[in-house]
Each structure stands twice: as structure tokens, then as C-alpha cells.
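Note sheet for the following structure.
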Amino acid sequence: MLEPLTAAQLAARVPLEALPASTDDVAPLEVVTGQERAQEAIAFGVGLDTEGFNIAVSGPSASGRTTAVRLIVTAAAALRTAGPDWCYLHNFSDPHRPVAAKLPARMGPALQRDMGRLVEACRTEIPRAFDDESYQERVEKLLEPVGEARAKALEEMQRAAAAQGFAVNVTPMGIAAVPIGKDGRPFQPEVIAGLPDELRAEIEKRGERVEEAIAETLRGLRKLDTQAREVVEKLDGEVTRFVVGHILDDLREQYAAHGLGAHIDAIEADILANIQQFKRFTRMMLEPLPAQLVAQATEEREALLSQYAVNVFVTDGDPGAPVVEERSPTYANLFGRIDYQARFGSLVTDFTQVRAGALHRANNGFLILQVEELLTDPRAWLMLKRSLKTREVRVEGALDMIIPATNLVPAAIPLSVKIILIGQPLIVALLDALDPDFAELFKIRAEFEPDTDLTPATASSYAAYVRRVTDTCSLLPFDRDALAALVHEGTRMAGRQDRLTTRYGAIADLCQEANSFAAKEQAKAVSAPHVQAAVDARRRRSSLIPDRLRRMVTEGTVRVETSGTAIGQVNGLAVYEVGGHAFGTPVRISCRTGAGRRGVVAIEREVERSGAIHSKGILVLSGYLTGTFGSLRALAFTASLTFEQSYDEVEGDSASSAELYAILTALAGIPIRQDIAVTGSVDQFGHIQAVGGVTQKIEGFFDVCAAGGLSGSQGVVIPRTNVVNLTLRPDVVAAVERGDFHIWAVSAIEEGLEILTGLPGGALGGDGRYTEGSVLAGVAAALDRMHELAMAEQRQQVLVPGQGIAAAGEPLAPGLNQPPEGS
């Protein structure tokens, strides 16, 4: 009989020589280890500036994928030059389409500051210049000749009218000519009506000559008014240029070479065109007006001045290319937004309210996104693809199609960015399969492995990582035994003795939990008992369901026997996962056999409560039985197989070896030990194959046995190929070391039969028979008896007229109940 495994074979051998005495003796880990393949792919993709070579990073959460991306991208960005600044400016030709201006790095804030000087000068210096007494004196001096000419023209008009016997009255309503008498008094209308016709006609003729003189004078006065206006406008222009001209000249000198000369000229033209507005603002500020009118005037002034401002859309004060990590990649956060202000019952905006998104800030650099978060906003994903295809990014107003608002269409900005998507392998795979654009836009794939080899180097890196966690989270130092316990937990998470999990976030969480236990004891360092206490506490928090299942077993509600023997009954093992916590539990598998032709009948399969893989396993068992025992006899048996007290769907083939043990012992009538549980898959040749969750299964059966008291004979049979997957808890290892619990590893069905029955499994001899006294010999004998029964039943068949051959029992084979040809 095979010897059980030793305690040394049940968990990883931690290379203590690679661990420091304390984390204080090792430098913090600065790089992500164990992911060389993925990091090489990321570095390769970062170095490619070709279109479409964005990077899709997949891997389990907390595996260091985001940290690795940050480190590689930050190092690459430091070697690059900073990208340009982008500013939005007012479009004087079409105010609803702001202009995008490209400037050298960090020049945007300087332009904004210099334009701010111009705006401030327009706000304060121009009004002050027009309010100055010297300006009023110059205006009066310039208008003095015009006033003299105006007075002279009016005087000449009066003389010309007087020569015709008329007087000219100048009023705000206009100029009127009236006839006067010799005494200088104007004639009354009734007097004129009573004059002779000849005299009245003469007065009318003279009046026409006076009207012509008045019209000529008015034409001259209008010319004088135009001349006066031009003189004042010229003066106003000179004053304005004196106030802001040097600022505009400085702006041209600094920024015309960057394509802003035309915009500065447009600003100057707009200032000169709005001089009367500035003068009006000045008068309104000086006159005692209601506060509402003052506020309205101020708002109008600021709206005018805002046209000269600069919206620094994108700038980066740090050297090197930008690196942006957007953890909330909504549409607005990625592509920017346009803010609105409520004014007189409607929403208004202008170019100064355009806000940049992460895609703008990362332009000419790198943008890191989490796939799961990105896909929560479908519009964000669709627009991201469009931007990558068109190589430009636009800001769109979110309210344009919802409520009446000012429609603003900012100019698009050319896009040159490297996108790094990070996500779970399943999500990335689904995107690749379902979105045809994904493969074209993300041509570089970097896959993070869930674990890495356990070597002295990786164990040492674990210690360095723990040092980093202690520094970052201000934890106590970890001693060598605590580090060894963490490495052991790393192998448990990886599920292999020779592998370590790369889910560094889970290790960091365990470090903080262990530190809390050490702090409660006021220890100077975290030791192995503190780590184990954290592990036990974590398991206890997640053990409500497994504890209740175990109680149902110990109370007898769920029948699972852990002692004695039974024919055709074996303890299988199942694994469940609830809330990320996996646990094992025993399940009773039973089999009843008898003569018949149905072969193996899985009750779960018959009632459609069997998954595809489990159904495949049942067919594999039929293949094993046919190949092993069907060469010398036709198999004529029925074996009814079921998972007792199982009401969920059965899936997987990890119990197929246990099912086969139940069938074979039921056929042979040999009792099987109930203090041993079994797991393992089997192929058609009787080889035992590896299964998953072997550690959880062993611990689940151990807990059930321990709840009723360990007898010293209990244990579990596992596939030999699963020995490397054993990373058992310390209490289970200790029980094995004491001899209270046992674990056997088998490679073939015969080895498992010997352990479970105490009899030889059986070897096939040259005569086609199995070793006498073996389990398989008993199975062969039982099948021979059933075959003879079937033959006897066939001989008892009778011919029923008109119906062919009707058997006393069930038909031997399809078509066998048909009458012979010619009968």
C-alpha cells in the first residue's frame, strides 16, 4: 500500500536564507517583479509612435499592473519634450467658433498674463484718459474752429433771411423761417392771408429763397458736424493708442511669430471700434445711477473685455511629456466640457468657459485608463475610438440638445496620445471579440500573470515589497518569520508550492491586518503569529456558510460518514466560492448496481441537473468500464450513481474517480472506507488526473473530521499530480505530522482502490484475468455473473405471433426484439 505524504510535502518550502532578519534591513521595492513579459510589452508599445499602437494591459486586480504602467510610462515621459500649450481665443469673425491657438510649452500662461494687462488697461486706463481734464481741453480746442464756423454759418443765414424780410428761429425741433414787418415783428398768419395777392406771392417767393439758404446752411452744418466727429474720433483713437498701443506692440513682438499677429490686430480694431462704449461706461460710472443700471453696465463692460482674454486650455508646468491617469473616465472628464451661466432666463457661455478633459491634458503624452470604469459610460468609449481614428479631439456642449443655450463650437485640436487601457482579462478579451475597432486601435497587448516562480529572488522581492508597504502605510517592521508566513500565504493564493501570487495588493492588505494584531499587543515588530492571526480572522469573517454546512454534517442533517465502511458509497469533495472565499466540503456519492443493459446511469444527468463537463465525465467512466472489462464479455449491468442530498446542478469532473470507486466497489460488493475522502479526475485508461481546489477540499474534509474528533485514520486521496498544489494550513500540516490525519497521492485507480478497501487493486495477467483476491477481480466476477444472467434471460425469450421476439426482461440491444429475417 502507498505511504501517505509527509508533512514536508504539504506546503511550500520557504527559502528562509533569502529573507532578511527584518524589513528594516532591506530597501523598499521600487519596481514590479515577476512580470517581465508584460513589462517588456508595455515598454515596447510606449516606444512606438505609430498610429494604432496603443496598449491594452490585462491581468488580475492588485497584481501591480497599474503600478508597472505608471513606472514605465513615467520613465519614458521624462525622456521626451513637453507638449505644446493650447489656448482658446475669441473669434471676432464668428464668435460661436472659438479659435484654438498652439503655443510652445508653458507659453500659454504668459500670454494670458500679458493679455490680462491689456484687459486691465481697457478697464481702467482708457476711462481714466477720457475723464482727464487735458482730454476735455483738447476736445474743446479741436472743436473751437468748428464751433466758430458753425456760428458764422448761422449768422450768415440770419443776414440772408433778414435781407428777404424773414427771421430764422433755431429750435431743438429744427429751423423755421417767418416773415417780419418793418418793426421787426413776425407777421401773423391772418395778416398774411389779408394781404393783396401780389404782395402775398412776393412774400412766398422770398420765403422760398430763404428756405434754400437754410437748406444750404444745414448742409454746411452737417459737414461741420461730421468734421467735428472725425476730429474727436481721431483724438479718441490717438488717446486710446497712447494708452494701450505699447501693450499691443509688446504682444506683437512676443507672440506674432507664433501665429497670433492677426488676432492681436483684430483686438486692436475691436478696441478702436468700441471707443464710444468705453466712453459710455465712463459716463455711467461717474453719474449717480441706480445700482441695477450700474450692474448692467458693468456686465456689458466685462462681456466686451472678455473677448480680449485668453483661455489657457492646456498647459503643463512639469518637464517631459504629460502622463495623465483618469480614474473617472466619464465623457466630460475625458473630452472636456463647456460651462454655462444663467442670464435673463437663458444659459449663455463663451470661449472662456471651455474646459479641458483628460484627453487634452494627455495630448503628446500618455493617458492611463481603467477599462471597467471607461465602459460604464458608452458615449466615452465611442468618442474615444472616434478621436483615435480622426486624430483630433473636440469639446462639445452637453446642453446643446437638451435646453435652449448658446451654441458654441470650439475648434478641434490635433490629437497625438498613447492610450494605455488596464482591465481584467475577461473584459479585455470580450472587447477584442465583440468590438472590431479594438484590435485596430490597441495593437499592443500586455498580459500580467497571476503568479510567478517561488525562488530566493522572488522571496527576497516579497520582503522588499513588504518594506515598501511598511514605509507607505507607517506599519511596524516584519521579522523573518512573519515574512515567511507572508510567502506561505502567497503560495496559497497562487495555489502551488512553487509559485507566488503577484496580487501584491492582497499581500499589502494582509500586512495591514497583521500589523493591527501586533499593535494591539504593543509588539515592536510583526511576527508569524500576528500574520496567522490575521489569516485566521479573515477566514473566520468569510466562514459563515462553510461553518453552517459543517454544522449540518455534524448534526446529521447532511449525512456524511467519517468512520466505518460501506459498499458502493464514497466521500467525494466539492469546492464552493462565496464572496471571493473558496472552501471545500464533503459530499456523499453512492452507487447501486444490478443486472441490466443501461450501464452507468447518472441520476443528475437523467434529471438534467448535470453540467456538460460532468456528463462528459460519466461517459468517460463508461469508456473505462468497457475498455477494462468488455473485452471478454458483453457488459450487462446497470449502475445507478448519484450525489446524495445535492440539490444544485453538478458540474465538473473532479469527482469522476470517486464515482468510479463507488461503481467498482458496488459491483464487487467490497466495503469502502468512509473515513477517507477522494478527489481526482480519471481518464478512460484509469489514470488519475489533476483537479482544482485540492487544498480547499482537503481542509474542508479535515474540518468536518476535526469537528467530530480526529480518529487518526482519516484522510484524503488526491491525484499525485496535485501534490505541487498543496499549500495547507499550519493546523492541517501539524495534524499530519502527528499522525492524526493522512493524505495519499495516487496515479491510478488501482492505487486508490487499495487505500480505500485494504485489498489489492488488481493487475491484469497474461490469461486476461485480474489478480485473485483483488478488487478488479471481484468486479470481473460480478460482471461475469450478470453476463450469465443476461444470457439465460435471452434463452428464455419467446416468440409472440405478429410481434416478433418479446423478452421476459428489457431488450438486449436496439433492434434485438425484431423477428429474424424470413421468419
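Quick test for you: out of THR315, THR330, pick the one residue that is open to solvent by 30 Å² or more (accessible area, probe 1.4 Å), in contact with a Gly (Cβ under 6 Å, 6 or more places away or on another chain) and under 29 Å from PRO414 (Cβ atoms). Working first, answer last.
Values: THR330 fails: in contact with a Gly (Cβ under 6 Å, 6 or more places away or on another chain).
So the residue among THR315, THR330 that is open to solvent by 30 Å² or more (accessible area, probe 1.4 Å), in contact with a Gly (Cβ under 6 Å, 6 or more places away or on another chain) and under 29 Å from PRO414 (Cβ atoms) is THR315.
Quick one: count up the residues across the range 601-658 that are acidic (Asp, Glu), in a loop (DSSP other than H, G, I, E, B) and touching a His at 6+ places or on another chain (Cβ under 8 Å).
2
Tell me the residue from LEU2, LEU19, LEU29 that is over 30 Å from PHE351 (Cα atoms), hydrophobic (A, V, I, L, M, F, W, C) and open to solvent by 50 Å² or more (accessible area, probe 1.4 Å), please. Walk me through it before giving the result.
Working: LEU19 fails: open to solvent by 50 Å² or more (accessible area, probe 1.4 Å); LEU29 fails: open to solvent by 50 Å² or more (accessible area, probe 1.4 Å).
When all the criteria are applied, what remains is LEU2.
When the range 265-321 is examined, which residues are found to be modelled with pLDDT under 90, charged (D, E, K, R) and under 48 Å from the mean Cα position of the chain (by Cα)?
Listed by number, the residues that qualify are GLU299, GLU300, ARG301, GLU302, ASP316, ASP318.
So, in the range 247-265, exactly how many residues are surrounded by fewer than 19 Cβ atoms within 10 Å (Cβ to Cβ) and more than 21 Å from THR282 (Cβ to Cβ)?
12
State whether the residues of the range 382-393 include one that is in contact (Cβ under 8 Å) with a residue 60 or more places away in the chain and in contact with a Lys or Arg (Cβ under 9 Å, 6 or more places away or on another chain).
No, the range 382-393 contains no residue that is in contact (Cβ under 8 Å) with a residue 60 or more places away in the chain and in contact with a Lys or Arg (Cβ under 9 Å, 6 or more places away or on another chain).
State which residue is nearest to the chain's Cα centre (by Cα) when the search covers only the range 103-126 and only residues that are modelled with pLDDT under 90 and either more than 17 Å from HIS246 (Cα to Cα) or of a type in the set (D, E, K, R) (or both).
Here the answer is ARG123.
I'd like the residue in the range 659-690 that is of a type in the set (Gly, Ala, Ser), touching a helix residue (DSSP H, G or I) at 6+ places or on another chain (Cβ under 8 Å) and not in a loop (DSSP other than H, G, I, E, B) and, out of all such residues, is nearest to GLY599 (Cα to Cα).
By that ranking, first place goes to ALA668.
So for the range 649-659 (the condition being acidic (Asp, Glu), surrounded by 22 or more Cβ atoms within 10 Å (Cβ to Cβ), farther than 24 Å from MET552 by Cβ and within 45 Å of the chain's Cα centre (by Cα)), does at least one residue qualify? Before you say what the answer is, go through the steps one by one.
Taking the range 649-659 as the starting set, the residues that turn out to be acidic (Asp, Glu) are 649, 651, 653, 659.
If we keep only those that are surrounded by 22 or more Cβ atoms within 10 Å (Cβ to Cβ) too, we end up with 653, 659.
From the residues that got through so far, the ones that are farther than 24 Å from MET552 by Cβ too are 653.
After this cut, where a residue has to be within 45 Å of the chain's Cα centre (by Cα) as well, the list is 653.
Yes, the range 649-659 contains at least one residue that is acidic (Asp, Glu), surrounded by 22 or more Cβ atoms within 10 Å (Cβ to Cβ), farther than 24 Å from MET552 by Cβ and within 45 Å of the chain's Cα centre (by Cα).
Restricting attention to the range 86-102, report how many residues are more than 16 Å from VAL395 (Cβ to Cβ) and either surrounded by 14 or more Cβ atoms within 10 Å (Cβ to Cβ) or modelled with pLDDT of 95 or more (or both).
1
Taking GLY630 and the conditions (1) at pLDDT 90 or above; (2) closer than 29 Å to GLY768 by Cβ, which numbered condition does it fall short on, given that it satisfies the others?
All conditions are met except number (1).
Is it true that THR33 is among the hydroxyl-bearing types (Ser, Thr, Tyr) and farther than 29 Å from THR66 by Cα?
The answer is no for THR33.
Evaluate the following for ASP703: is it crowded, with 21+ Cβ neighbours inside 10 Å and among the acidic types (Asp, Glu)?
Criteria met by ASP703.
Looking only at the range 60-68, decide whether some residue is more than 17 Å from TYR504 (Cα to Cα) and touching a helix residue (DSSP H, G or I) at 6+ places or on another chain (Cβ under 9 Å). Explain how you work it out, then say what you get.
Looking only at the range 60-68, we keep the residues that are more than 17 Å from TYR504 (Cα to Cα), and these are none.
No, the range 60-68 contains no residue that is more than 17 Å from TYR504 (Cα to Cα) and touching a helix residue (DSSP H, G or I) at 6+ places or on another chain (Cβ under 9 Å).
Of the conditions (1) within 18 Å of LEU382 (Cα to Cα); (2) open to solvent by less than 20 Å² (accessible area, probe 1.4 Å), SER461 clears all except one; give me its number.
(1)
Somewhere in the range 527-539, is a residue in contact (Cβ under 8 Å) with a residue 12 or more places away in the chain and among the acidic types (Asp, Glu)?
Checked against the condition, which is being in contact (Cβ under 8 Å) with a residue 12 or more places away in the chain and among the acidic types (Asp, Glu), the range 527-539 yields no hits at all.
Yes or no: ARG598 in contact with a strand residue (DSSP E or B) (Cβ under 7 Å, 6 or more places away or on another chain), open to solvent by 70 Å² or more (accessible area, probe 1.4 Å) and either in contact (Cβ under 8 Å) with a residue 24 or more places away in the chain or within 29 Å of ARG551 (Cα to Cα) (or both)? Walk me through it before giving the result.
On the way: in contact with a strand residue (DSSP E or B) (Cβ under 7 Å, 6 or more places away or on another chain): yes; open to solvent by 70 Å² or more (accessible area, probe 1.4 Å): yes; either in contact (Cβ under 8 Å) with a residue 24 or more places away in the chain or within 29 Å of ARG551 (Cα to Cα) (or both): yes.
Spelling it out, ARG598 is indeed in contact with a strand residue (DSSP E or B) (Cβ under 7 Å, 6 or more places away or on another chain), open to solvent by 70 Å² or more (accessible area, probe 1.4 Å) and either in contact (Cβ under 8 Å) with a residue 24 or more places away in the chain or within 29 Å of ARG551 (Cα to Cα) (or both).
Based on what the data block shows, is VAL417 under 30 Å from PRO84 (Cβ atoms) and either surrounded by fewer than 17 Cβ atoms within 10 Å (Cβ to Cβ) or among the small types (Gly, Ala, Ser) (or both)?
no
Please tell me if VAL575 is under 24 Å from ALA748 (Cα atoms), at pLDDT 90 or above and open to solvent by 30 Å² or more (accessible area, probe 1.4 Å).
Yes.
The values are calculated or read from the model by the stated rules, or taken from the named source; none is laboratory data. A quick note: this is a predicted structure, and the numbers were derived from the prediction, not measured. Positions of Cβ are backbone-derived with ideal geometry, glycine not excepted, and every protein chain shown enters the neighbour counts. What goes into the accessible areas is simple: the full protein's heavy atoms, side chains included, and nothing from ligands, DNA or RNA. Shrake-Rupley method; radii C 1.70, N 1.55, O 1.52, S 1.80 Å.
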